[in-house]
1. Please verify whether Val131 is in a loop (DSSP other than H, G, I, E, B), buried (at least 17 other Cβ atoms within 10 Å of the Cβ) and assigned by TED's automatic domain parsing to the domain that holds Lys13, treating the condition exactly as stated.
2. Are any residues in the stretch 42-76 surrounded by fewer than 17 Cβ atoms within 10 Å (Cβ to Cβ), in contact (Cβ under 8 Å) with a residue 40 or more places away in the chain and either of a type outside the set (Gly, Ala, Ser) or within 16 Å of Trp247 (Cα to Cα) (or both), and if so, which ones?
3. With the condition kept exactly as written, say whether any residue in the stretch 74-82 is closer than 28 Å to Phe251 by Cα and touching a Pro at 6+ places or on another chain (Cβ under 9 Å).
4. Would you pick out the residues in the stretch 64-117 that are of a type in the set (Gly, Ala, Ser), outside any helix (DSSP H, G or I) and under 23 Å from the mean Cα position of the chain (by Cα)?
5. What's the number of the condition Glu136 fails, among (1) of a type outside the set (Gly, Ala, Ser); (2) in a loop (DSSP other than H, G, I, E, B); (3) in contact with a Ser or Thr (Cβ under 7 Å, 6 or more places away or on another chain)?
6. Of Phe211, Phe244, which residue is in contact with a helix residue (DSSP H, G or I) (Cβ under 9 Å, 6 or more places away or on another chain) and under 30 Å from Lys7 (Cα atoms)?
7. Can you tell me which residue among Glu249, Glu234, Glu215, Glu173 is at pLDDT 95 or above and either hydroxyl-bearing (Ser, Thr, Tyr) or surrounded by fewer than 23 Cβ atoms within 10 Å (Cβ to Cβ) (or both)?
8. Restricting to the stretch 101-132, name every residue that is modelled with pLDDT of 95 or more and under 17 Å from Glu249 (Cα atoms).
Amino acid sequence: MRRRAQKKLAVWKFASCDGCQLSLLDCEDELLTLARRIKFANFMEASSAVVRGPYDLSIVEGSITTPSDAERILDVRRRSKFLVTIGACATSGGIQALRNFADVKEFISIVYARPEYIETLTKSTGIADHVHVDYELRGCPVNKHQLLEVIVAFLVGRRPNIPAESVCVQCKERGTTCISVAQGVPCMGPVTQSGCGAICPAYGRGCYGCFGPKEKANVDALVADWRLHKSVSEDQTRRLLHTFNAWAEPFRSAGSSPGVEHIGKDLRD
């Protein structure tokens, strides 16, 4: 029986903590099986050996934060037949996108002894802001099982089967009592895409929004509930919305709106 040619896979790092790449390395046994179909042609986290492109599949971790990043992602896109971004940094700018709400030059002058040597962009942005992306996988870090699903789907030529429901659904699946209703804890679960297994609510902590906004997330309604029933201030609202996926819509607009402090008051009136 004729053996299928291996697909060339490349994994690229931009501004990030490497956590999503480590999620791929965590797929130890599964990677041994996939090795029959995939050749890791460029994966510096795992090996210094590099095979020249073009690549059948490129997996990109990290956000674009420097001029050189912006140039390099164009080259990665040119050499990739199919490009998938993984994690909050690659899909929405990551935690480093908090710079987008402030003066980066001021940060640089405070942190670095020689600011003139620092070359950076004023904003941290996701990969899709710069090149065409074929598929985005959320999470901080990504769910390794979802990552495997994306790779397998690519190999067999189908769309990945990634759940699109909110974290609340996973709370129900694991039998976790809603901490927002029972304890009055502000939680982002209703507007956050599932994928984490609802870990934080299971331990009495509100969802952080690690997997970004779910499809058609009604953030304004959630913020209104925080105002009316949980006495969450404007500053607290901004802190809740501006974390791992701060630059993702609708977290960005809801957390930055100058009228956010009035949402709950308007409903009372």
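The values are calculated or read from the model by the stated rules, or taken from the named source; none is laboratory data. Please read these numbers as outputs of a predicted model, since none were measured by experiment. Because the Cβ atoms are built from the backbone with ideal geometry, glycine has one as well, and the counts that use them run over all protein chains shown.
1. Details: in a loop (DSSP other than H, G, I, E, B): yes; buried (at least 17 other Cβ atoms within 10 Å of the Cβ): yes; assigned by TED's automatic domain parsing to the domain that holds Lys13: yes.
The answer is yes for Val131.
2. Within the stretch 42-76, Val51, Pro54, Thr66, Pro67, Arg72, Leu74 qualify.
3. No, there is no match, as no residue in the stretch 74-82 is closer than 28 Å to Phe251 by Cα and touching a Pro at 6+ places or on another chain (Cβ under 9 Å).
4. Going through the stretch 64-117, the residues of a type in the set (Gly, Ala, Ser) turn out to be 68, 70, 80, 87-88, 90, 92-94, 97, 102, 109, 113.
From what is left, the residues that are outside any helix (DSSP H, G or I) are 80, 93-94, 102, 113.
Within the stretch 64-117, Ser80, Gly93, Gly94, Ala102 meet the criteria.
5. Unmet for Glu136, out of (1) of a type outside the set (Gly, Ala, Ser); (2) in a loop (DSSP other than H, G, I, E, B); (3) in contact with a Ser or Thr (Cβ under 7 Å, 6 or more places away or on another chain): (2).
6. Details: Phe244 fails: under 30 Å from Lys7 (Cα atoms).
Sole residue among the options that is in contact with a helix residue (DSSP H, G or I) (Cβ under 9 Å, 6 or more places away or on another chain) and under 30 Å from Lys7 (Cα atoms): Phe211.
7. Values: Glu249 fails: at pLDDT 95 or above; Glu234 fails: at pLDDT 95 or above; Glu215 fails: at pLDDT 95 or above.
Only one candidate passes the filter, namely Glu173.
8. Within the stretch 101-132, Lys123, Ser124, Thr125, Gly126, Ile127, Ala128, Asp129, His130 meet the criteria.
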